[in-house]
Amino acid sequence: LSQLRETLFVLRSKEGQPEETPETEIEFPWQTKRRIVAFGGHDTWRKAIRPMLPGVRFFDREMLPDINVVKSADVVWIQTNAISHKFYYRIIDTARKENIPVRYFGSASARKCAEQLVMNELAAAE
């Protein structure tokens with residue numbers, strides 16, 4: 001819940017400001033180092049983001065999340081604009097029990113979401 005509040009605060013604070021460009025130009029496809037799983041998002045969003053992040057496992061929003069997939073992840077990402085409450089709570093409950101960090105995509109744009117995930121990966125590597 002605290003991560004969601006933080007994400008909402010950041011999003012609201014950026015409203016009305018010009019779009020930021022990343023400090024470094026990110027080249028896609030980007031290969032992640034950690035085991036990352038992503039849930040939610042519309043079909044077109046997943047179709048667009050998958051080729052940019054081939055190491056990330058994206059799951060269909062209609063598919064009941066497998067608890068073992070969440071348990072084996074290093075990080076869980078959620079695109080909240082298209083995920084059922086039932087699936088969301090199943091993912092969150094499992095992540096909490098296993099102490100797995102949960103991150104939220106902050107945009108509907110596949111490119112911006114991919115950049116957000118890469119920036120998070122770079123920060124975690126430092």
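The values are calculated or read from the model by the stated rules, or taken from the named source; none is laboratory data. Worth saying up front: this structure is predicted, and the values here are computed from it rather than measured. Counting neighbours? That spans all protein chains shown, and the Cβs are built from the backbone with ideal geometry, glycine included. What goes into the accessible areas is simple: the full protein's heavy atoms, side chains included, and nothing from ligands, DNA or RNA. Shrake-Rupley method; radii C 1.70, N 1.55, O 1.52, S 1.80 Å.
Key figures for this structure:
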{"read-out": "Residues of the stretch 92-110 satisfying the condition of being open to solvent by 50 Å² or more (accessible area, probe 1.4 Å) and assigned to a loop (DSSP other than H, G, I, E, B)", "value": "Asn99, Ala108"}
{"read-out": "Residue satisfying all of: in the stretch 22-35; in contact (Cβ under 8 Å) with a residue 60 or more places away in the chain and closer than 22 Å to Ala95 by Cα; least open to solvent (accessible area, probe 1.4 Å) among these", "value": "Thr32"}
{"read-out": "Failed condition for Asn81, given (1) part of a helix (DSSP H, G or I); (2) at pLDDT 90 or above", "value": "(2)"}
{"read-out": "Extreme residue, farthest from Trp45 (Cα to Cα), among residues of the stretch 73-91 that are polar (S, T, N, Q) and open to solvent by 60 Å² or more (accessible area, probe 1.4 Å)", "value": "Thr80"}
{"read-out": "Total residues in the stretch 36-71, condition assigned to a loop (DSSP other than H, G, I, E, B) and either at pLDDT below 95 or open to solvent by less than 60 Å² (accessible area, probe 1.4 Å) (or both)", "value": "12"}
